[in-house]
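Working notes for the structure below.
The values are calculated or read from the model by the stated rules, or taken from the named source; none is laboratory data. Since the structure is predicted, the reported quantities are computational estimates derived from the model, not experimental observations. Virtual Cβ from ideal backbone geometry, glycine too; neighbours counted across all protein chains shown. Ligands, DNA and RNA are stripped out before the accessible areas are found, and what is left, the full protein with its side chains, is counted by its heavy atoms. Shrake-Rupley method; radii C 1.70, N 1.55, O 1.52, S 1.80 Å.
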Amino acid sequence: MPVPKMSKIWMDGELVDWDDATIHVLTPSLHYGWAVFEGMRAYATDRGPAIFQHRAHVERLYRSAQVLSMQIPYSPDEILEGSRDLCRVNGQDSYYIRPLAYLGYGEMGLNPMPSQVRVMIAVWPWGAYLGEEGIKNGVRAKVSSWQRMGANIIPTGTKASGVYVNSSLAKMEAVKAGYDEAIMLNEHGRVAEGSGENVFVVRDGVLVTPPTSEGVLPGITRAAILDLARDRDIPVEQTPLLRQDLYTADEAFFTGTAAEIVPIRSVDDRVIGPPGPITKQLQDVFFSVVRGREPKYDHMLDYVSQR
């Protein structure tokens with residue numbers, strides 16, 4: 001999906017013109033994938049743009065950096081305010097927000113520690129990642145031949161840039177085969193996640209998702225959905241899932257910042273069916289929350305105009 005040009009990008013504490021936000025081709029993160037990032041969304045509300053789970057995302061950025069021994073030279077509050085500034089200055093009602101901490105020009109080699117850490121934040125309007133039709137009627141998923149990497153191969157609980165080569169291979173395979181999205185199994189043959197989403201199934205009225213110990217990114221939207229389900233007395237379990245559990249699910253869906261909540265209508269051509277009642281209920285409340293229509297959950301929103 002093309003990125004539309006905005007006015008400003010935040011780079012190392014300064015708002016710079018979009019076309020001036022450049023780095024050198026010998027920046028080591030370009031060569032070795034040594035960087036960490038986040039994906040956030042600011043939604044249009046009656047009180048202006050509001051960033052969903054803003055602080056939780058920024059805290060995860062710092063956890064990812066800690067695992068990679070990257071010292072981000074800005075405080076979390078500075079990163080939070082940088083995102084808010086961009087939402088104000090770029091003049092849109094809603095945004096996708098991408099902070100990235102990477103290694104600056106000046107060093108090269110497999111030891112990243114001598115390199116200076118730099119930070120940028122960009123925002124742009126981004127519609128439904130898997131399409132409005134996908135959100136409404138569900139998507140077709142394929143279990144990938146590409147295995148989700150184990151946590152002792154590379155830290156799967158981080159949003160490290162290099163990790164996403166694994167995800168991109170799975171996504172590309174699925175799309176080339178005529179599917180909308182991939183589902184990856186871990187080294188034990190159990191369900192891990194989508195190429196960029198967490199996976200949920202419903203069976204016998206219970207909402208089930210793999211625990212993070214299965215090589216699953218601890219998704220911010222995933223955590224919110226678990227909370228919203230509990231508040232509605234929907235039983236939830238975090239337990240390992242087999243491939244056959246996908247085929248026999250009563251309902252299934254993906255969650256993620258980009259994907260939001262997308263029903264899965266089939267896996268490997270085994271039909272699950274149209275979005276079920278629990279999926280629809282959680283979709284409805286999620287979109288109501290992020291648009292500022294559920295005062296009980298206002299703590300999940302950072303209203304940009306109030307800062």
Fill in the blank from the handout: Extension length gain for residue 175 and residue 66 (0.36 nm per residue less Cα distance), in nm, is 35.9 nm
Handout entry: Probe 1.4 Å, all protein chains present, accessible-area order of 269, 245, largest first
Key = 269, 245
Problem - Under 5 Å, built H, 5+ apart or other chain: amide partners of residue 142 - result: 181, 182, 183, 268
Exercise for the section: Based on alpha-carbon positions alone, could you give the equivalent ellipsoid semi-axes of the chain from the gyration tensor, as √(5λ), descending, whole Å? Expected result: 31, 24, 17
Exercise for the section: For the chain, with a Gaussian network of springs between Cα atoms less than 10 Å apart, report the residue from 249, 192, 56 with the top mean-square fluctuation. Expected result: 56
Completion exercise
Sorted by chain and then number, the residues having a modelled amide H within less than 5 Å of the amide H of residue 252, at least 5 places away or on another chain, are 202, 264, 276
Handout entry: Candidates 68, 226, 26, ranked by Gaussian network fluctuation over the chain, Cα under 10 Å, top entry
Key = 26
Problem - Carbon and sulfur %, accessible surface of the range 132-291 computed with the full protein complex present, 1.4 Å - result: 50 percent
Fill in the blank from the handout: HN-Hα couplings for the range 71-77 via Karplus (6.51, -1.76, 1.60; θ = phi - 60°), in whole Hz with x for Gly/Pro, come out as 9, 5, x, 9, 6, x, 5
Practice task
Using the Karplus curve 6.51 cos²θ - 1.76 cosθ + 1.60 with θ = phi - 60°, work out ³J(HN,Hα) for each residue of the range 248-255 in order, rounded to whole Hz, and write x for Gly and Pro.
Solution key: 9, 5, 6, 8, 7, 7, 9, 10
Practice task
Among 114, 49, 76, determine the one that fluctuates most according to a GNM of the chain built with springs between C-alpha atoms less than 10 Å apart.
Solution key: 114
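I'd like to check one number: the per residue accessible area of the chain, probe 1.4 Å, reported in Å² as a whole number.
Values: 13680 Å² over 307 residues.
Per-residue accessible area for the chain comes out at 45 Å².
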Exercise for the section: Quick one: what are the phi-derived ³J(HN,Hα) couplings along the range 270-277, Karplus 6.51/-1.76/1.60 with θ = phi - 60°, whole Hz, x for glycine and proline? Expected result: 8, 6, 8, x, x, x, x, x
Fill in the blank from the handout: In nanometres, the difference between 0.36 nm per residue of separation and the alpha-carbon distance of residue 231 and residue 271 is 11.4 nm
Fill in the blank from the handout: With label points set 7 Å from each Cα along the Cα-to-Cβ direction at residue 203 and residue 113, the distance between them in nm comes to 4.6 nm
Fill in the blank from the handout: Projected convex hull area of the range 8-124, Cα atoms, direction-averaged, in nm², equals 6.9 nm²
Problem - Relative pair counts by distance (%), Cα atoms of the range 214-307, 5 Å bins - result: 2, 11, 20, 23, 21, 11, 6, 4, 1, 1
Exercise for the section: May I have the convex hull volume per residue, in Å³, for the Cα set of the range 107-240? Expected result: 167 Å³
